[in-house]
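*Asks:* Sharing a structure here in structure tokens format.
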Amino acid sequence: MKRLFIVIALFGITFINAQTKEELLALKKEKTDSISKLQAKADAIQKEIDGLPGWRIKAFGTIGGNVSGYNNWYSKESPNSSVGNFGINMNAYAIRIEDKYFWKNYANVNIGWVKFDDKDDPTDESSYEVATDVFTLSSLYGRRFGKKFAASALAEYRSTLVNNFNNPGFLDLGIGGTWTPMKNLVVVIHPLNYNFVFSRSGTSYDSSFGAKIVADYAKSFGNLNFVSNLSVFLSYKSFDYSNYTWTNSFSYTIWKNLGLGFDFGLRKNKQEAYNYQLADHPDLELSDADNKLQSYWLFGLNFKLD
């Protein structure tokens, strides 16, 4: 009889625990569904806010880096050394949307430093050196004459920031039209554009007249944010004076305004390639320069400022 009572008691405890677990799981599902509904309402309200006239300011960036040290690590060519790299990419927007016009301003800074210090070689460079240096500013003003079309003017400046600022520096000034086929995509086509190139003595750069094409796309998928910008200059003087830059930023928010980020960029500019090779080949012509694809990438901690 005593054993039967113990069995019944254990069965009752198990049944109560199972019932409690199911109730807690049901309660958890109910709360999760409620949070999802509230988030959907919050997203809908944010869309309405984004559609209101006025300024919208946003900034986000990625920081990445690592350091390492070796002592008597004989399998390496330099057994005593320290290695490090550090990079930062920053994007900032200031956009004003009105019924009859818009004004979009954008800034991008991407700088990376690297260091390789061979402790057994007193002649090598032990400090950090700049490996990536990108600086871009642009301002687009448009006057609407339809929901998707506007007459526009664009000013865009590209150079380096830490080393050789404005040497070279590229300034595009032009007018034309802007097409917005969808909410997150802006396409600028300016057939009247002048590409000013600034440089110091000892280099060979030429300004020219041409067409400017810019495509800017920004989209959010839950916690994932994506921004892509393509800037193309097509010179009427010669294709050798044309250039393009394509930058992309991905960020995934993990907690509050922090997450992971990945940035990469591609560029082709024959005048830059020509001047880089000119030091070793003084008789080189622009048409003969080897215009290789330029690229950079950065992966690390991402942050955003709303």
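*Asks:* Just to be sure, is Leu284 more than 23 Å from Gly87 (Cβ to Cβ), of a type in the set (A, V, I, L, M) and either assigned to a loop (DSSP other than H, G, I, E, B) or modelled with pLDDT under 95 (or both)? Spell out how you get there, then give the answer.
*Replies:* On the way: more than 23 Å from Gly87 (Cβ to Cβ): yes; of a type in the set (A, V, I, L, M): yes; either assigned to a loop (DSSP other than H, G, I, E, B) or modelled with pLDDT under 95 (or both): yes.
Taking the combined requirement at face value, the residue satisfies it.
*Asks:* Of all residues in the stretch 90-130, how many are under 21 Å from Lys183 (Cα atoms) and of a type in the set (Gly, Ala, Ser)? Walk me through how you get there before you give the answer.
*Replies:* As a first pass, look at the stretch 90-130 and keep what is under 21 Å from Lys183 (Cα atoms): 91-107.
With of a type in the set (Gly, Ala, Ser) added as a condition, the list becomes 92, 94, 107.
Number satisfying all stated conditions: 3.
*Asks:* Another question, then. For residues that are aliphatic (A, V, I, L, M) and within 25 Å of Asn71 (Cα to Cα), tally how many sit in the stretch 82-128.
*Replies:* First, the residues of the stretch 82-128 that are aliphatic (A, V, I, L, M): 83, 88, 90, 92, 94-95, 97, 107, 109, 111, 114.
Keeping just the survivors that are within 25 Å of Asn71 (Cα to Cα) gives 83, 114.
Number satisfying all stated conditions: 2.
*Asks:* Hey, another quick one. Within the group Leu301, Leu230, Leu266, which residue is over 24 Å from Asn164 (Cα atoms), in the same structural domain as Glu156 (by TED's automatic domain parsing) and under 26 Å from the mean Cα position of the chain (by Cα)? Even if it seems obvious, please write down each step before you answer.
*Replies:* Working: Leu230 fails: over 24 Å from Asn164 (Cα atoms); Leu266 fails: over 24 Å from Asn164 (Cα atoms).
It is Leu301.
*Asks:* Still on this structure, I have one more. Just one of (1) closer than 30 Å to Pro181 by Cβ; (2) modelled with pLDDT of 85 or more trips up Glu48, so point out which.
*Replies:* So the condition that Glu48 fails would be (2).
*Asks:* A further question on this structure: Looking at the stretch 54-70, I want the residues that are at positive phi and part of a strand (DSSP E or B) and have a partner that is surrounded by 14 or more Cβ atoms within 10 Å (Cβ to Cβ) and among the charged types (D, E, K, R) with Cβ atoms under 9 Å, at least 6 apart or on another chain. Which pairs are those?
*Replies:* Going by the 9 Å Cβ cut-off, the qualifying pairs are Gly54/Arg96.
*Asks:* Next question. Does Ser82 satisfy the criteria of being closer than 17 Å to Phe233 by Cβ, among the polar types (S, T, N, Q) and in a strand (DSSP E or B)? First the steps, then the outcome.
*Replies:* Details: closer than 17 Å to Phe233 by Cβ: no; among the polar types (S, T, N, Q): yes; in a strand (DSSP E or B): yes.
No, not satisfied.
*Asks:* Continuing with the same structure: Could you please find all residues in the stretch 205-224 being exposed (fewer than 14 other Cβ atoms within 10 Å of the Cβ), in contact with a Phe, Trp or Tyr (Cβ under 7 Å, 6 or more places away or on another chain) and part of a loop (DSSP other than H, G, I, E, B)?
*Replies:* Asn223
*Asks:* Same structure again: When you check Asn91 against the structure, is it on the phi < 0 side of the Ramachandran plot, modelled with pLDDT under 90 and under 15 Å from the mean Cα position of the chain (by Cα), yes or no?
*Replies:* On the way: on the phi < 0 side of the Ramachandran plot: yes; modelled with pLDDT under 90: yes; under 15 Å from the mean Cα position of the chain (by Cα): yes.
Here the answer is yes, as Asn91 does meet what is asked.
*Asks:* From (1) touching a strand residue (DSSP E or B) at 6+ places or on another chain (Cβ under 9 Å); (2) buried (at least 17 other Cβ atoms within 10 Å of the Cβ), pick out the condition that doesn't hold for Phe264.
*Replies:* Unmet for Phe264, out of (1) touching a strand residue (DSSP E or B) at 6+ places or on another chain (Cβ under 9 Å); (2) buried (at least 17 other Cβ atoms within 10 Å of the Cβ): (2).
*Asks:* Take the residues in the stretch 93-102 that are loosely packed, with under 15 Cβ neighbours inside 10 Å and not basic (Lys, Arg); name whichever of them is farthest from Leu298 (Cα to Cα). Steps first, please.
*Replies:* The first filter runs over the stretch 93-102 and keeps only residues loosely packed, with under 15 Cβ neighbours inside 10 Å, leaving 98-101.
Within this subset, residues satisfying the condition of being not basic (Lys, Arg) are 98-99, 101.
Working: Glu98: 35, Asp99: 38, Tyr101: 35 Å.
Result: Asp99.
*Asks:* Just give me the residues in the stretch 138-193 being loosely packed, with under 15 Cβ neighbours inside 10 Å and in a strand (DSSP E or B), in sequence order.
*Replies:* Those that are loosely packed, with under 15 Cβ neighbours inside 10 Å and in a strand (DSSP E or B): Arg143, Phe149, Ala151, Ala155, Ile175, Pro181, Met182, Leu185, Pro191, Leu192.
*Asks:* Let me confirm something: among Asp118, Asp99, which residue is out of contact with any Ser or Thr (no Cβ under 6 Å at 6 or more places or on another chain) and more than 30 Å from Gly259 (Cα to Cα)? Steps first, please.
*Replies:* Details: Asp118 fails: out of contact with any Ser or Thr (no Cβ under 6 Å at 6 or more places or on another chain).
Checking each option against the conditions leaves just Asp99.
*Asks:* Residue by residue through the stretch 177-199, note down the ones that are under 16 Å from Ser235 (Cβ atoms) and free of Cβ contacts under 8 Å to residues at least 60 places away in the same chain. Before you say what the answer is, go through the steps one by one.
*Replies:* Applying the first criterion (under 16 Å from Ser235 (Cβ atoms)) to the stretch 177-199 yields 189-197.
Answer for the stretch 177-199, where residues must be under 16 Å from Ser235 (Cβ atoms) and free of Cβ contacts under 8 Å to residues at least 60 places away in the same chain: Ile189, His190, Pro191, Leu192, Asn193, Tyr194, Asn195, Phe196.
*Asks:* Please verify whether Ser152 is in contact with a strand residue (DSSP E or B) (Cβ under 6 Å, 6 or more places away or on another chain), modelled with pLDDT of 95 or more and assigned by TED's automatic domain parsing to the domain that holds Tyr276, treating the condition exactly as stated.
*Replies:* Details: in contact with a strand residue (DSSP E or B) (Cβ under 6 Å, 6 or more places away or on another chain): yes; modelled with pLDDT of 95 or more: yes; assigned by TED's automatic domain parsing to the domain that holds Tyr276: yes.
The answer is yes for Ser152.
The values are calculated or read from the model by the stated rules, or taken from the named source; none is laboratory data. The structure presented is a predicted model; accordingly, all values stated were derived computationally and were not measured. No Cβ is skipped: glycine too gets one built from the backbone with ideal geometry, and neighbour counts run over all protein chains shown.
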